[in-house]
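Bear in mind that the values in this text are calculations on the coordinates, not laboratory data. For clarity, every value in this text was computed on a predicted model and none was experimentally measured. Positions of Cβ are backbone-derived with ideal geometry, glycine not excepted, and every protein chain shown enters the neighbour counts.
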Amino acid sequence: MKRSKKEVETDPRVLSSRWTFWVVILCALLIIIHCITSFFPHIRVWGVNHLTYFPLSVRIILVALSFSIFIPQVNQGIRATVRKPLLSLSEKISKHKPYLWYAGFSLLSMVLFWIFRSRTYFLGDGSNYVSNLNTGVKTLIWSELLESILHVRLYRFLTLFFSADGQLTYQIASIVAGAIFVFLVFLFSAYLGRDLFEKIFVFAFLFTMGSVELFFGYVEHYSYVLITALAYLFFSLKWIEKRGKIVIPILLFLLSVAFHFSSFFLLPSLLYLLLLTGSRGITTKKVLIIGGGAFLALALVSIYVYISKPLIIRIFVLPFEGKFSTAGYTSFSVAHLLDILNELLLLSPAGVILILVTLLVAFKKTEVKSPRIFFLLLVAGFGFIYHFTFDPLLGAGRDWDMFAITSAGYSLLGICLFLKINANSKSFKYASVILVWTSFVSLIPWVALNINETKSVQRFRDLLELDPQKSRSGHFFLMNYFGKKGLINEAQKEDLRQKELFPAYYLAVEAKEYYDRGMLDTALVMIRKAIELDPLSSEVHYHLAKIYYLQGNWDLAETEYQQALKLKPEHIGAYVDLAQMYMQQRLWDKALEQYNSILKFRIEIPGVYSNIGDIYLRQNKPNEAVKYFKTALKLQDDFVLSHFGLARAFSKMEQMDEAINEFEKTVQLKPDFTEAYFYLGYLYRYKGQIENAKASWEQFLKLSKDSQQSEVVRNLLDSLRNP
């Protein structure tokens, strides 16, 4: 009997056959794309052209091996070869506390991550973070607060035992996160896989995602937010099936946001979990509540962003007009859409393939009303919105890591759909091997080029040329890198390239050299030219403010400092200079406001805390002053001005012994600190230690250039010698 078209389309065997066909086609296409794009390093295919940096022979061998997997006999042979040892291992694990085995393999994976760790830290903000730790600037960033704290604390802990640097600190943190990631992958494979083959498939699929690069000693702040998001997804899926407690996903969501604010896109999926009751199915009411809650959250964020216009200019891709420095880069520009595609294919190429196959073959059959599928659709969908709206400020190729968290959502969605639709299919295993191999062959060159310093430097240079308007910091990092390596010609090339691309910035830098030498009029002419070239440069306005400040034109200086802060709200130098200018005018409250603004960025600068303490001293609040001086000394125990300020605060509080102790520390650290000897003389005289008072004042007279104050001290000494 002839079947209807609908019966044919819904036949599981037909459906599975179509899945296999399209999986094979798309995997083959992706391998071909890897090969072809390897000949075009200077076009926007940075997510798939990693073979560019390897010899032609390596590319040919890798592509040949890849296509051999498509031969059924070879595919079957691979499955037969690995089946027996993996079956034996699986039996051992199932009989003897599987979680201990998972933990053991996870710890062993750290060796793998260390051996194949990334040797450079150009991508993302890695160079800044390493530099901050190495120079003692403990930066705590509000949007990634817990990640910042973790690395600062780890650095302090490591330096107790050996001379660790910033790069090693981040590498260790990354590799430890990798071990946790492997443990979570084991949990997912045991949870989603119904038999040994499916478990192996899930494990291999997740372990070969491109986002796993975060765990190969990668220097940035995204490793822990990814593993926290994965844990959130795992316990959420378990809760959906009435296995576990809702409090665990809630806590993991909050923890992921604390690690990095980018995980906020998981909020709609959490709202869905909170709405699941009874049968845990989907109703129109629930969809409306979830959609309404998500819309309200986005509306509030949008209102805040609109009010803080510099923020929208900085963090979002604008829909219809670009920014001053990247005029053509809009939401629907070819460059932005290509960057999104590159990002998705870099993070989880197999995940992209499975989602595409679902859309091509089985979209109508996809059980969207299944709580598990709907939950993962929310995660993947809002992850894509995050992709589409947020601006990779350094250029997408350099800032790939800020979107790594999204790979978990669409990868797990693809896995669940694949396992559900292809259950008991004869071609499932064949397609699975091809999928995993395609993912693996995409990952290997990506990891391998980061292992090799020369290759990663060349790729970084190519990335800079894709987004030249965003490349200033990148060329600066390369200039320093080549300088440290003694490659002077290469360093000079980077310096020249910076000046060619950013004339306004370098006019401002040149102007600084003039105003530092007191040539203010010449500097002012140069800065005004720089503003004509780039009126939205915070650095140019900052240097103009400095010139006005040096000219004594404090009103204009204040205006330009505020303009610099409007364009770049985290410009720490502008806050510091503005605060110091207010202090000179004895506007203590205004100065305090600027310093407190710096503290909101969780940037631990000893001088900032010390200056706040000084302001409180001048406001006759010694108790408050002591707190800030002590905080400064915790950050830098040899900070002379903090010891001096703390001593003065103790004096005002009539804690004379503590004050003497701090003044003594001041002169030990800086033997020519004249004013400290002046105060010490008074304190020793108060304590009746006349000889110490004499010694302190005599030392003051040797150092002092203040004739009036010296005369006062001579009279005091005479009173001690002739009571």
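Tabulated values for the structure
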| quantity | calculated |
| --- | --- |
| Descending Cα extents along the principal axes, segment 100-154, whole Å | 40, 24, 19 |
| Cα-Cα over 31 Å, subset of LYS484/LYS566; LYS634/LYS687; LYS97/LYS429; LYS566/LYS652; LYS627/LYS670; LYS470/LYS590 | LYS484/LYS566; LYS566/LYS652; LYS470/LYS590 |
| Coordinate range along principal axes, alpha carbons of segment 552-645, Å, largest first | 35, 25, 19 |
| log₁₀ of I(q)/I(0) at q = 0.17, 0.23 Å⁻¹ - segment 131-228, Debye sum with one point per alpha carbon | -0.76, -1.11 |
| Protection proxy ranking of 484-492, 253-261 - average other beta-carbon atoms within 10 Å, highest first | 253-261, 484-492 |
| Ranked by how many other beta carbons lie within 10 Å on average, peptides 454-465, 241-252, 578-589 from highest | 454-465, 578-589, 241-252 |
| For segment 217-239 and segment 241-262, distance of Cα centres in Å | 10 |
| Filter on LYS512/LYS702; LYS568/LYS665; LYS199/LYS245; LYS245/LYS426; LYS245/LYS420 - keep pairs with C-alpha separation over 29 Å | LYS512/LYS702; LYS568/LYS665; LYS245/LYS426 |
| The chain: radius of gyration over Cα atoms, expressed as a fraction of 2.2 N^0.38 Å | 1.16 |
| Principal axis dimensions, segment 509-557 - Cα atoms, whole angstrom, descending | 24, 23, 13 |
| Order by protection proxy (mean Cβ within 10 Å, highest first), peptides 184-193, 59-68, 166-175 | 166-175, 184-193, 59-68 |
| Relative contact order [Cα under 8 Å, 6+ residues apart], the chain, whole percent | 13 |
| Kirkwood Rh in Å, taken over segment 634-713 so that all alpha-carbon pairs contribute | 12.6 |
| Ratio Rg/Rh, restricted to segment 669-723 and using Cα atoms, in which Rh is the Kirkwood radius | 0.95 |
| Neighbour-limited loop hits for GluC sites (Glu not before Pro), segment 537-632 (at most 15 other Cβ within 10 Å; DSSP other than H, G, I, E, B) | none |
| Amide hydrogen neighbours beyond the local backbone of GLU604, cut-off 5 Å, H modeled | LYS138, THR139, LEU140 |
| Calculated P(r) of segment 498-594 - Cα pairs past 19 Å, % | 38 |
| Residue-count net charge about TYR548 - beta-carbon cut-off 10 Å; Lys, Arg +1, Asp, Glu -1 | -2 |
| Pair LEU318, MET519: separation of 7 Å Cα→Cβ label points (nm) | 3.7 |
| Folded to 0 to 90 degrees: helix 166-192 orientation relative to the chain principal axis, Cα | 30 |
| Taking segment 463-563 and dividing mean pair separation by its residue count, relative contact order in percent (alpha carbons under 8 Å, at least six apart) | 18 |
